[in-house]
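Notes follow once the structure below has been shown.
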Amino acid sequence: MEGSDFDARQWPFFWITQTAGQYVRTIEPALRKIGLDVPRWRVLMCVAPGQAISVTEIAELAIAKLPTMLKTIQRMEADGLVACAQRASDGRVTEVTLTQSGLEARERAWGVAEKVFEKAFAKTTQADQLRLNKLLERIYTRLRT
């Protein structure tokens with residue numbers, strides 16, 4: 001039988017998904033303490049201060065379905081964290097910017113994310129981090145083509 005000797009722990013995608021899942025399980029309670037959740041955190045990190053980005057671009061960066069992302073952004077707009085407007089060059093596109101409250105929330109969220117990052121990469125060299133990023137980027141790129 002094919003795959004009968006399969007060991008999930010020897011499968012790189014096992015570790016990629018386990019790591020991503022553990023990251024979310026670690027950061028989620030810390031974000032809750034500052035009044036945020038993972039979807040809001042992802043939006044805050046995708047929207048650079050002083051810049052506008054489309055809802056579609058945010059959904060792609062945050063790996064979320066467009067309707068789900070739209071609901072998250074609508075909640076964030078109601079909370080005063082983001083402002084939405086039609087793109088001047090194409091009224092079909094909704095652009096998102098951070099409000100002052102959003103910028104402050106982004107700063108608080110970054111403080112949380114930075115602590116999780118430091119814990120995860122405490123004994124990892126910068127060179128290893130760079131190699132990991134480049135390797136994952138190559139794998140990601142091959143999967144997209």
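The values are calculated or read from the model by the stated rules, or taken from the named source; none is laboratory data. The model shown is predicted, which means the values in this text are computed figures rather than measured ones. Neighbour counts are summed over all protein chains in view; Cβ atoms, including those assigned to glycine, are modelled from backbone coordinates with ideal geometry. These area figures cover heavy atoms from the full protein model, side chains too; ligands, DNA and RNA do not enter into them. Shrake-Rupley method; radii C 1.70, N 1.55, O 1.52, S 1.80 Å.
Give a quick list of trypsin sites (Lys or Arg not before Pro) in the range 74-131 that DSSP marks as loop, anything other than H, G, I, E or B, with at most 14 other Cβ atoms within 10 Å. Don't skip to the end; give the middle numbers.
Working: sites: Arg75, Arg87, Arg92, Arg106, Arg108, Lys115, Lys119, Lys123, Arg131; in loops: Lys123.
Taking the range 74-131 and a limit of 14 other Cβ atoms within 10 Å, the loop trypsin sites (Lys or Arg not before Pro) found are Lys123.
Choose one answer from Ala62, Ala52, Ala122: the residue with the largest mean-square fluctuation in a GNM of the chain with alpha-carbon springs under 10 Å.
Top of the fluctuation ranking is Ala122.
For the chain, go through all pairs of different Cα atoms, get the mean of 1/r, take its inverse, and jot down that Kirkwood value in Å. Walk me through the numbers on the way to the answer.
Values: mean 1/r = 0.0576 Å⁻¹.
Hydrodynamic radius (Kirkwood, Cα only) of the chain equals 17.3 Å.
Could you give the nm distance between label points at Ala30 and Lys123, where each point is 7 Å from its Cα heading toward the beta carbon?
1.9
So what's the back-of-envelope 222 nm ellipticity for the chain, counting only DSSP H runs of four-plus at -39500 (n - 2.57) apiece and dividing by all residues, rounded to 500?
Details: 6 runs with 91 residues, N = 145.
It lands at -20500 deg cm²/dmol.
Are there trypsin sites (Lys or Arg not before Pro) in the range 16-62 that DSSP puts in a loop and that have at most 14 other Cβ atoms within 10 Å, and which ones?
Working: sites: Arg25, Arg32, Lys33, Arg40, Arg42; in loops: Lys33.
Sparse-neighbourhood loop trypsin sites (Lys or Arg not before Pro): Lys33.
Which sequence of Tyr140, Tyr23 reflects their accessible areas, 1.4 Å probe, from the largest down? Walk me through the intermediate numbers first.
On the way: Tyr140 130, Tyr23 80 Å².
Accessible-area ranking of Tyr140, Tyr23, largest first: Tyr140, Tyr23.
Could you provide, to the nearest whole Å², the per residue accessible area of the range 1-102 with probe 1.4 Å?
Details: 6750 Å² over 102 residues.
Computed with neighbouring chains in place, this is 66 Å² per residue.
Quick check: pseudo-label points 7 Å beyond the Cα along Cα→Cβ at Arg144 and Asp7, how many nm apart are they?
Those two pseudo-labels are separated by 3.4 nm.
With a Förster radius of 35 Å, plug the Cβ-Cβ distance of Cys84 and Ile16 into 1/(1 + (r/R0)^6) and report the FRET value to the nearest 0.05. Don't jump to the answer; show the numbers that get you there.
Working: r = 33 Å, r/R0 = 0.94.
E(calc), rounded to 0.05, equals 0.60.
Specify whether the C-alpha gyration tensor of the range 80-145 places it in the rounded, prolate or oblate class, a ≥ b ≥ c being the square roots of the eigenvalues: rounded for a/c under 1.5, otherwise prolate if a/b is larger than b/c and oblate if not.
Values: a/c = 4.62, a/b = 1.42, b/c = 3.26.
The shape class here is oblate.
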